[in-house]
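This report refers to the structure that appears directly beneath it.
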Amino acid sequence: MDEDETPPVSEADRLLYDWFKHLTSLSLLAIGGALSLSQAGGAKVDPIPLGIIVIAMGVAGACSFSGADQLVRAAAEGKPVPRSARLLQRAAPGFLGMGVGAFMAVFIGGLAGA
């Protein structure tokens, strides 16, 4: 293999990149949806729990974006995917799930108390 050649990107890395892109978009949509629903309707949502929820969803988006960035950098430099990308693969949906689950609990509780 010549110095100019880089190893081909595996199909698993391509799928992981798409996974990260999807989770980044989903995190942004979840943040927008949570903020929109908290302002509309009859539910009263306290700002402090809402802030924590938005932060959890934002961390999910940041993890996803960072994971996609690591994959692109590794492919561009012809290096293997860093192990931290696998950690981000697990952390991103965890934070997103926490944020969405907490929002559902707070929002439904706000509807019941309204």
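The values are calculated or read from the model by the stated rules, or taken from the named source; none is laboratory data. Given the structure is predicted, the values throughout are model-derived calculations rather than measurements. Neighbour counts are summed over all protein chains in view; Cβ atoms, including those assigned to glycine, are modelled from backbone coordinates with ideal geometry. What goes into the accessible areas is simple: the full protein's heavy atoms, side chains included, and nothing from ligands, DNA or RNA. Shrake-Rupley method; radii C 1.70, N 1.55, O 1.52, S 1.80 Å.
Table: residues versus (1) at pLDDT below 95; (2) open to solvent by 40 Å² or more (accessible area, probe 1.4 Å); (3) assigned to a helix (DSSP H, G or I).
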site	(1), (2), (3)
Asp2	yes, yes, no
Val9	yes, yes, no
Phe20	no, no, yes
Gly33	yes, no, yes
Ile53	no, no, yes
Gly61	no, no, yes
Ala68	no, no, yes
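The set of residues in the stretch 70-106 being outside any helix (DSSP H, G or I) and open to solvent by 40 Å² or more (accessible area, probe 1.4 Å) consists of Lys79, Pro80, Pro82.
Residue check: Met57 meets all listed conditions (1) farther than 23 Å from Arg14 by Cα; (2) not in a helix (DSSP H, G or I) but one, namely (2).
Residues that are over 14 Å from Val100 (Cα atoms) and without any contact (Cβ under 8 Å) to a residue 60 or more places away in the chain within the stretch 26-67 comprise Gln39, Ala40, Pro47, Ile48, Ala62, Cys63, Ser64, Phe65, Ser66, Gly67, listed in sequence order.
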